[in-house]
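Participant: Below is one structure. I have some questions about it.
What follows is calculated from the coordinates using simple rules that are stated; it is not laboratory data. Here the structure is a predicted model, which is why all the values come from computation and not from measurement. For neighbour counting, all protein chains shown are included, and Cβ atoms are generated from backbone atoms with ideal geometry for every residue, glycine included.
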Amino acid sequence: MLFNSLTFIVFFAVVVSAYWMMRSWEWRKNLLVVASYVFYGAWNPPFALLLFGTTAMDFYLGRIMGKAERPEARKVWLVISVAVNLSMLGFFKYGNFLLENFQWVLTRGGIAYNPPHLDLFLPIGISFYTFHSLSYTPDIYRCVLQPARTLRDFVLAVSHFQTPVADPPLSAGQFLPQPQHPRHPDSGCFLLCPHDSPPRLIHKIL
């Protein structure tokens, strides 16, 4: 679903209309989470599960890290978060490349190895949402950010449909304070939007 497509214009109009018809701030956030996953999953629905998996992992690691009293324990959870996120990113971006080079090395050593081609499709925006989600745990490790109150708020922070394919990726600290308080319309934003980030075309539409 491209920002300049008729499909997105209709989708956006429906989401904004439903958003302002709701009185409850909690229901508005629920709507934005659903809309964000519909937007992201429109290209390839299974990749929405990958997005959720990355988000949920960092959320729970952040909660565990926030409760850990010893710096050594927090460092272990941070290393796990970084390792899993970067491994997943590397698998999708460089999996076939690494497999082909591994095959080449074995061939040079006289070992015949013919692995199946992985046929990996690169999830759209995976670099952006991976680093967006990954910005969360280092901030908790350094004690400059408190763990998110709910999984829903963190899911919204990572998947908010303005940001998964935007550049540069936002840090969790820029977005997470915003869902804590009801939003009111102003000249710049009608939905949650990252005021501290560089201006984007979508902000003008909002």
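Participant: Given 0.36 nm per residue, what is the gain on full extension from residue 91 to residue 146 after removing their alpha carbon distance, in nm? Intermediate values should be presented prior to the final figure.
Facilitator: Numbers: separation 55, 0.36 × 55 = 19.80 nm, distance 3.03 nm.
That works out to 16.8 nm of additional length.
Participant: Right, here's the next one. Can you list the HN-Hα couplings for the stretch 60-65, worked out from phi with the Karplus curve (6.51, -1.76, 1.60; θ = phi - 60°), rounded to whole Hz and with x for Gly and Pro?
Facilitator: For the stretch 60-65, the Karplus curve yields 6, 5, x, 5, 4, 5 Hz.
Participant: Sorting 67, 93 on the 10 Å Cβ count, fewest up front, what's the list?
Facilitator: In order of increasing Cβ crowding within 10 Å: 67, 93.
Participant: For the pair residue 69/residue 25, report the inter-label distance in nm, with labels modelled 7 Å from Cα in the Cβ direction.
Facilitator: Result: 3.4 nm between the two label points.
Participant: Here is a follow-up. Would you tally the net charge around residue 152, using a Cβ to Cβ cut-off of less than 15 Å, leaving residue 152 out, and scoring K and R as +1, D and E as -1? Numbers along the way, then the final one.
Facilitator: Values: positive: 28, 29, 63, 149; negative: 26, 58, 153.
Spelling it out: positives minus negatives among the neighbours equals +1.
Participant: R0 = 41 Å: FRET efficiency of residue 38 with residue 107, Cβ-based, nearest 0.05?
Facilitator: Using R0 = 41 Å, I get an efficiency of 0.35.
Participant: While we're looking at this one, here's another question. How much FRET efficiency would the formula 1/(1 + (r/R0)^6) give for residue 76 and residue 3, where r is the Cβ-Cβ distance and R0 is 45 Å, rounded to 0.05?
Facilitator: On the way: r = 40 Å, r/R0 = 0.90.
Once rounded, the FRET efficiency stands at 0.65.
Participant: Right, another one. Placing +1 at every Lys and Arg Cβ and -1 at every Asp and Glu Cβ, with all other atoms neutral, what dipole size does the stretch 1-78 have around its Cα centre, in debye to the nearest 20?
Facilitator: Working: 8 positive and 4 negative charges, 47 e Å.
So the magnitude is around 220 debye.
Participant: If neighbour count is taken as other Cβ atoms inside 10 Å, put 54, 107 in order from fewest to most. Before the final figure, lay out each step's value.
Facilitator: Working: 54 24, 107 12.
Starting with the residue having the fewest Cβ neighbours, the order is 107, 54.
Participant: Pull out the extension gain between residue 18 and residue 121, defined as 0.36 nm times the separation in residues minus the alpha carbon to alpha carbon distance; nm, one decimal. Working shown, then result.
Facilitator: Numbers: separation 103, 0.36 × 103 = 37.08 nm, distance 3.34 nm.
Gain on stretching residue 18 to residue 121: 33.7 nm.
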